[in-house]
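Structure first, commentary second.
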Amino acid sequence: MRMSELSARTGVAVATIKYYLREELLPAGRLMSATQARYDDAHVERLRLIRALLGPARLSIAQVRRVLDAIDAPEADTLARLAQAQHAASVGAAVDDLGPAEAVLARAGWRFDPESAEVAQLAAALAALAEAGYEIPEENFTAYLDAAAVIAETEIAHIPTESAEAAIRYSVLGTVLVEPVLLALRRVAQQDAAYRRFDPDGSR
């Protein structure tokens, strides 16, 4: 298909497609002449992924490029590609001491990359709690770890295996777009728990 057809199928403006080509986010089409190229279904899928990453996922161009690099990484296995894509979609935090975060993760018995942005994010969150003088009750922390493990196991079990692109699309979009859902569900569940504890007979 020509670029005009690619634009029509994806809803992405021709000028935007040309921009993605210049930024090397979208692979070049098959040259038919000095001024014309042909595109196929792979370009359609890549464009949809780019739009999803830049749009709903709200990643930057640089982050999207790193995610796409993970998809296209030669000779990388699925685990390495998923890790690279997840790190690309994360924003690290500036922290001096990862010790508290590593202790929590070791306590959970989880295998993890100590240099990942997610460990730094956890360390920053724990540091903020300590600075505020807020201590998470032991029972609560155990519940958080157990719930996080169940969620992660369920999500990883459903990662598609037909292609690296499908796996990374599921993983990155599922992480970025589902996190607000998890936060909202937690808060609604808190409402329900509060009703059951403080208004058990439903009088209010």
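The values are calculated or read from the model by the stated rules, or taken from the named source; none is laboratory data. The structure presented is a predicted model; accordingly, all values stated were derived computationally and were not measured. Here the Cβ is made from the backbone with ideal geometry for all residues, glycine too, and neighbour counts use every protein chain on show. Just the protein is used for accessible areas: all its heavy atoms, side chains included, with ligands, DNA and RNA removed. Shrake-Rupley method; radii C 1.70, N 1.55, O 1.52, S 1.80 Å.
Okay, helix-only estimate at 222 nm for the chain: each DSSP H run of n ≥ 4 adds -39500 (n - 2.57), divide by all residues, round to 500 deg cm²/dmol; what do you get? If you can, show how the numbers build up before the last one.
On the way: 9 runs with 135 residues, N = 204.
It comes out at -21500 deg cm²/dmol, rounded to the nearest 500.
Return the FRET efficiency for the residue pair TRP110, ALA184: r is the Cβ-Cβ distance, R0 is 22 Å, and the value is rounded to the nearest 0.05.
Calculated value: 0.30.
Grab every C-alpha pair in region 1-54, bin the distances at 10 angstrom width from 0 up to the longest one, and report whole percents.
In whole percents, the pair-distance histogram is 25, 65, 10, 0.
Given Cα positions, please report Rg to Rh for region 75-204, the hydrodynamic radius being the Kirkwood one.
Rounded to two decimals, Rg over Rh is 1.03.
In whole Å, what three semi-axes, largest first, describe the equivalent ellipsoid of region 1-130 built from its Cα gyration tensor (square root of 5 times each eigenvalue)?
With the √(5λ) rule applied to region 1-130, the semi-axes are 39, 15, 11 Å.
Need one number: nm distance between label points at THR175 and ASN140, each 7 Å from Cα along Cα→Cβ, rounded to one decimal.
Between THR175 and ASN140, the simple spin-label model gives 2.6 nm.
Using a Förster distance of 30 Å, how high is the FRET efficiency between VAL150 and SER203, based on the Cβ-Cβ distance and rounded to 0.05?
The calculated FRET efficiency here is 0.35.
Determine the gain in length on full extension of the stretch THR35-ASP77; use 0.36 nm per residue of separation and subtract their C-alpha separation, reporting nm with one decimal. The partial results should precede the final answer.
Details: separation 42, 0.36 × 42 = 15.12 nm, distance 3.71 nm.
That works out to 11.4 nm of additional length.
Averaged per residue, what accessible surface does the chain expose to a 1.4 Å probe, in Å²?
66 Å²
Restricting attention to region 86-189, which GluC sites (Glu not before Pro) occupy a DSSP loop and are surrounded by at most 14 other Cβ atoms within 10 Å?
GLU115, GLU135, GLU162
Out of the total accessible area of the chain (probe 1.4 Å, heavy atoms of protein only), what percent is carbon and sulfur?
Working: 7350 of 13420 Å².
Heavy-atom surface of the chain belonging to carbon and sulfur, 1.4 Å probe: 55 percent.
Give a quick list of GluC sites (Glu not before Pro) in region 13-95 that DSSP marks as loop, anything other than H, G, I, E or B, with at most 15 other Cβ atoms within 10 Å.
Hits after loop and neighbour filter: GLU23, GLU24, GLU75.
So which chymotrypsin sites (Phe, Trp or Tyr not before Pro) in region 75-164 end up in coil per DSSP with only 12 or fewer other C-beta atoms within 10 Å?
TRP110, TYR134
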